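Data block below; observations after.
The values are calculated or read from the model by the stated rules, or taken from the named source; none is laboratory data. Bear in mind that the values here come from a model prediction, so they are computed numbers and not experimental data. So basically every Cβ, Gly included, is an ideal-geometry build from the backbone, and we count neighbours across all protein chains shown. In case anyone asks, the SASA skips ligands and DNA or RNA and just uses the protein heavy atoms, side chains included. Shrake-Rupley method; radii C 1.70, N 1.55, O 1.52, S 1.80 Å.
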Amino acid sequence: MFRHACANDEGIVTMREKSIKGSLASGSIWSIMDNLAQQVLSFVIFAVLARFLAPDAFGLLTVAHLFILFTRLVVFDAIALPVVRTAEPNEQLYSWVFTYCTAAGLLLAALMFFSAGLVSFLFRAPELKTVLQGMSASVLFFGLVRAYEARLVRNMMFRQLAIRSIASVTIGGVIGIGLAGSGWGAMSLVVQQVSASGLALVLVVAQSRWLPRIVFDRALTRKYWDDIQKVGMSGVLGFANSNGDSLLVSLLLGPYATGLYNLAKRVTSAVFLVVATSLQKVALPVFSDAGSDVTALRQGYLKMFGITLFCIAPLLCFQAAMAEPLVTAVFGAKWLPAAPIIGVLALLYLVTSIVDLNDYLFFATGRNRMPVLLGAVQLILATLLAGGSYRFGLLGMSLSFCAAYLLVFPVSQILVNRALGMNLSMMWYALAPPLVGSIALTLGLIAYRLLMPRHVTDVMLVGGSVVVACLLYPLVVLATGWRIRAVNDAWHGLLLSTIRLRRFLIKGGSHAADSKSSDSQASA
């Protein structure tokens, strides 16, 4: 009987483990689909709206969106932190989060509405007042929905969140496009955003089937207050690093320049978010598994360094070289002033992908303060350089942001090289093939544009350049990397691990070990 009971217990535990694994797998798939769908839908809607609206309208919305994003990162996410930190959150805690997020949402929405006149005066944009007052409704909606989102995430209900996001973004986009075509101007963007956030709230409430209570619990407030403050301060730094450039552009150059900068940033950051961010999520477990083994860390870093450059460098170089026909074909000729900004931001995000990879290595090795310090230095440099370069227009400010990253990058790389015992030759082995391939790709695309007849349309020009890039870049990388051997590993092994990324993740670098054994047998 005792054995039978033990067997039943083991069976229950096994079923629970399988259930958890199934939930994680399903949640991961739905989370990826949610992020990918939002990126694609948002970009398509943005491209259509750009055909109807001028850059000024998008610049006004960008300023309003910065205020909303600040409240979400600094206030709402900080209040919702206890749901993430608590092992088993209860209804009391969820209701406490709802109560405080709702109260904060009401206060911040009122503050945004009544300060709209003063803010529009500071930004020297009278039209901004109406946009801010309209967008204040979204602040309230985000406050009301935050507890529901935290509850769904904690219960692994990612499918509901994905359905909510896809439906709200799509319907809001359709409404915005219809109003923009009817001549509503910047207010069509306001209605689009408010409609999407309001619909998201309605869908989440319907999916959750949960009615919160009003809970003001001083004990919970005292318990989590220190953590809330820390998360809020981290949110301020994160907001400044990721959105400080847009804020400076809007303050110093106005809505028109902000709209152009926003387009260039959306185009280039899309590549970074889809490719580099996904690879960085892979890098953290690779570094963590290596532990304190410096050799394993070095090999893992070189692999991720090479894979990141191999994937992201050609895409950003393509955007930089083909910026003018790409902007005209997708967004229209009125957005052409954003083309040179795309080239500058392409370099910025290329450097950012490497700096972020270095930050993940710092976190994995326990140097948690280093990314914060480097981020603060980069932010100060960008602010100082932008203050002195705004007289040269949007291009001057964009170059100043890029210069701040370029100045911080060598410091970050030197610290990583010292920690891993790497020299320049080791870095060159990982850097050379994608770097040579990207340079050849850029020069090839420029030559292709010069040789094409003038009567060729921009759409045909972009289509032909895609074919050129797909042929030229892999050939140059293979020709360059064939003779270059990295430390204790061949470059063709790195290329093979890039192509077979899924196998690399599942087997945890077993391919690298196979390459070493084959090399040793060959040498023997």
message: Can you tell me which of (1) touching a helix residue (DSSP H, G or I) at 6+ places or on another chain (Cβ under 9 Å); (2) small (Gly, Ala, Ser); (3) farther than 21 Å from Ala80 by Cβ is the one Ser292 doesn't meet?
response: (1)
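Condition check ((1) hydroxyl-bearing (Ser, Thr, Tyr); (2) open to solvent by 60 Å² or more (accessible area, probe 1.4 Å); (3) modelled with pLDDT of 70 or more) across all residues:
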| site | (1), (2), (3) |
| --- | --- |
| Tyr429 | yes, yes, yes |
| Ala432 | no, no, yes |
| Met460 | no, yes, yes |
| Gly464 | no, no, yes |
| Ile499 | no, yes, no |
task: State which residue is modelled with the highest pLDDT when the search covers only the stretch 72-99 and only residues that are crowded, with 22+ Cβ neighbours inside 10 Å and either part of a loop (DSSP other than H, G, I, E, B) or hydroxyl-bearing (Ser, Thr, Tyr) (or both).
output: Tyr94
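If only one of Leu144, Leu203, Leu199 is in contact (Cβ under 8 Å) with a residue 24 or more places away in the chain, open to solvent by 20 Å² or more (accessible area, probe 1.4 Å) and touching a Lys or Arg at 6+ places or on another chain (Cβ under 7 Å), which one is it?
On the way: Leu144 fails: touching a Lys or Arg at 6+ places or on another chain (Cβ under 7 Å); Leu199 fails: touching a Lys or Arg at 6+ places or on another chain (Cβ under 7 Å).
Exactly one of Leu144, Leu203, Leu199 is in contact (Cβ under 8 Å) with a residue 24 or more places away in the chain, open to solvent by 20 Å² or more (accessible area, probe 1.4 Å) and touching a Lys or Arg at 6+ places or on another chain (Cβ under 7 Å), namely Leu203.
Just to verify a result, which residue in the stretch 364-383, among those that are within 14 Å of Tyr405 (Cβ to Cβ) and without any contact (Cβ under 8 Å) to a residue 24 or more places away in the chain, is least open to solvent (accessible area, probe 1.4 Å)?
Start the filter on the stretch 364-383 by keeping residues that are within 14 Å of Tyr405 (Cβ to Cβ), which leaves 371, 374-383.
Adding the requirement that they be without any contact (Cβ under 8 Å) to a residue 24 or more places away in the chain leaves 371, 380.
Numbers: Pro371: 16, Ile380: 102 Å².
Residue satisfying both the conditions and the ranking: Pro371.
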- prompt: Identify, please: which residue in the stretch 206-241 is polar (S, T, N, Q) and closer than 19 Å to Asn368 by Cβ and is, among those, least open to solvent (accessible area, probe 1.4 Å)?
  reply: Asn241
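With the requirement that a residue be closer than 15 Å to Leu347 by Cα and either open to solvent by 50 Å² or more (accessible area, probe 1.4 Å) or not in a helix (DSSP H, G or I) (or both), what does the stretch 384-401 give you? Show your work before the answer.
Narrowing the stretch 384-401 to residues closer than 15 Å to Leu347 by Cα: 395-401.
If the condition is that a residue be closer than 15 Å to Leu347 by Cα and either open to solvent by 50 Å² or more (accessible area, probe 1.4 Å) or not in a helix (DSSP H, G or I) (or both), then Leu395, Leu399 are the ones that fit.
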query: Going by the structure shown, is Ala430 touching a residue at least 12 places away in the same chain (Cβ under 8 Å), in a helix (DSSP H, G or I) and in contact with a Gly (Cβ under 7 Å, 6 or more places away or on another chain)?
result: yes
- line: Val411: passes all of (1) closer than 28 Å to Val236 by Cβ; (2) open to solvent by less than 30 Å² (accessible area, probe 1.4 Å); (3) over 19 Å from the mean Cα position of the chain (by Cα); (4) without any contact (Cβ under 8 Å) to a residue 60 or more places away in the chain but (2)
task: From Leu179, Leu132, Leu107, Leu122, grab the single residue that is open to solvent by 70 Å² or more (accessible area, probe 1.4 Å), of a type outside the set (S, T, N, Q) and over 30 Å from Leu93 (Cβ atoms).
output: Leu122
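Condition first: of a type in the set (A, V, I, L, M, F, W, C) and open to solvent by less than 10 Å² (accessible area, probe 1.4 Å). Now tell me which residues in the stretch 151-176 satisfy that. Walk me through how you get there before you give the answer.
Initially, the stretch 151-176 is screened for residues of a type in the set (A, V, I, L, M, F, W, C), giving 152-153, 156-158, 161-163, 166-167, 169, 171, 174-175.
If the condition is that a residue be of a type in the set (A, V, I, L, M, F, W, C) and open to solvent by less than 10 Å² (accessible area, probe 1.4 Å), then Leu152, Ala162 are the ones that fit.
Considering every residue within the stretch 331-339, establish whether at least one is more than 29 Å from Tyr448 (Cα to Cα) and either among the aromatic types (Phe, Trp, Tyr) or at pLDDT below 95 (or both).
Of the residues in the stretch 331-339, the ones more than 29 Å from Tyr448 (Cα to Cα) are none.
Looking for residues that are more than 29 Å from Tyr448 (Cα to Cα) and either among the aromatic types (Phe, Trp, Tyr) or at pLDDT below 95 (or both), one finds none in the stretch 331-339, hence no.
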message: Residues to consider are Leu152, Leu161, Leu189, Leu107; find the one that is more than 21 Å from Met33 (Cβ to Cβ), among the aliphatic types (A, V, I, L, M) and either touching a helix residue (DSSP H, G or I) at 6+ places or on another chain (Cβ under 6 Å) or in contact (Cβ under 8 Å) with a residue 12 or more places away in the chain (or both).
response: Leu189
